[in-house]
Amino acid sequence: MSQVKTYSAQAIAYIKGRLLDGTLTPGDPIRETEIAEHLGISRGPVREALQSLLQQGLVTGLPQKAKFIRHLTVQEIEDSYCLGGTLEGACIVQSLERWDDKALAGVAEILAEMERQSREAAGLAALSQIDEAFHDALLAPCRNRLMAGIARNSCAHISKFLYYKCWDTLFSPREFYQRHEVIYDAVRGRDARHIQQTLLEHYAESGRRLGLVCGRREE
């Protein structure tokens with residue numbers, strides 16, 4: 001990896017870190033010079049980092065113009081979650097023939113760990129990694145890796161970065177576990193229509209709540 005790439009990755013990590021700790025919030029301007037000076041690097045890698053974050057949906061702005069942390073409308077948040085639920089459900093249904101006892105047992109084990117962690121968690125931030133593991137396990141049997149990738153990325157940037165502070169309190173830890181238990185039960189039942197409806201409802205409710213609390217109202 002070239003030094004420029006290394007510096008660019010450093011800038012990406014720095015900006016994402018500021019989103020997670022609340023220093024940067026949706027709508028805030030991103031000051032290239034301040035970031036470069038703070039990290040002790042030139043502005044070139046910072047610009048490269050911003051282009052990467054723009055592609056990830058975290059940053060908005062025109063070429064050669066100021067960049068801002070993306071602030072989504074209520075509709076954009078809801079649409080992103082609807083897409084995520086629709087595609088994840090489709091991925092599971094497409095791979096139902098590969099859901100043997102071993103695959104189900106793997107998800108059940110993750111779910112049991114989520115239940116244990118939910119008893120001690122103060123908020124959803126503490127359950128972020130087990131949440132990732134759960135949904136990764138649901139998508140693992142799907143051979144259509146393009147669809148699986150889009151399913152995971154359609155709203156991950158929203159909950160895990162842009163509106164992380166809001167996502168942390170979207171549900172109680174107990175509710176969070178129970179919502180994932182419903183998904184597991186649907187997959188175990190192997191009814192394609194029920195699986196798709198369950199995943200869509202799971203994501204739609206998250207998107208509705210997040211949009212209500214954090215989404216930008218269109219003028």
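Summary of values
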{"read-out": "Flag if Ala90 is touching a residue at least 12 places away in the same chain (Cβ under 8 Å), open to solvent by 40 Å² or more (accessible area, probe 1.4 Å) and out of contact with any Gly (no Cβ under 6 Å at 6 or more places or on another chain)", "value": "no"}
{"read-out": "Only listed residue being of a type outside the set (S, T, N, Q) and either within 17 Å of Glu181 (Cα to Cα) or buried (at least 16 other Cβ atoms within 10 Å of the Cβ) (or both), chosen from Arg70, Arg143, Arg98", "value": "Arg70"}
{"read-out": "Residue within segment 86-95 that is part of a helix (DSSP H, G or I) and either of a type in the set (Gly, Ala, Ser) or outside the structural domain of Tyr184 (by the TED database) (or both) present", "value": "yes"}
{"read-out": "Segment 175-201 residues that are closer than 19 Å to Ala112 by Cβ, paired with ones that are open to solvent by 70 Å² or more (accessible area, probe 1.4 Å) (beta carbon under 6 Å, 6 or more apart)", "value": "Ala186/His194"}
{"read-out": "The lone exception for Pro26 - which of (1) open to solvent by 50 Å² or more (accessible area, probe 1.4 Å); (2) touching a Leu at 6+ places or on another chain (Cβ under 9 Å) it fails", "value": "(1)"}
{"read-out": "Single condition Phe171 does not satisfy, out of (1) crowded, with 20+ Cβ neighbours inside 10 Å; (2) closer than 20 Å to Leu200 by Cα", "value": "(1)"}
{"read-out": "Conditions (1) open to solvent by 60 Å² or more (accessible area, probe 1.4 Å); (2) assigned by the TED database to the domain that holds Arg174: number failed by Glu48", "value": "(2)"}
{"read-out": "Cβ pairs under 9 Å, 6+ apart, first in segment 102-118 and assigned by the TED database to the domain that holds Ser172 and more than 16 Å from Gly189 (Cα to Cα), second β-branched (Val, Ile, Thr) and outside any helix (DSSP H, G or I)", "value": "none"}
{"read-out": "Criterion (open to solvent by less than 40 Å² (accessible area, probe 1.4 Å), of a type in the set (Gly, Ala, Ser) and in the same structural domain as Ala103 (by the TED database)) met by exactly one of Ala204, Ala186", "value": "Ala186"}
{"read-out": "Matching residues, segment 50-72, being small (Gly, Ala, Ser) and either at pLDDT 95 or above or over 18 Å from Glu34 (Cβ atoms) (or both)", "value": "Ser52, Gly57"}
{"read-out": "Matching option when the condition is surrounded by fewer than 20 Cβ atoms within 10 Å (Cβ to Cβ) and farther than 23 Å from Gln56 by Cα, among Leu83, Leu104", "value": "Leu104"}
{"read-out": "Qualifying positions in segment 51-66 - over 19 Å from the mean Cα position of the chain (by Cα) and crowded, with 22+ Cβ neighbours inside 10 Å", "value": "none"}
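The values are calculated or read from the model by the stated rules, or taken from the named source; none is laboratory data. Treat the numbers as computed from the prediction; the structure is a model and nothing was measured. Every residue, glycine as well, gets a Cβ built from its backbone with ideal geometry; the counts of neighbours run over all protein chains shown. Protein only, heavy atoms only, side chains kept; ligands, DNA and RNA dropped before computing areas. Shrake-Rupley method; radii C 1.70, N 1.55, O 1.52, S 1.80 Å.
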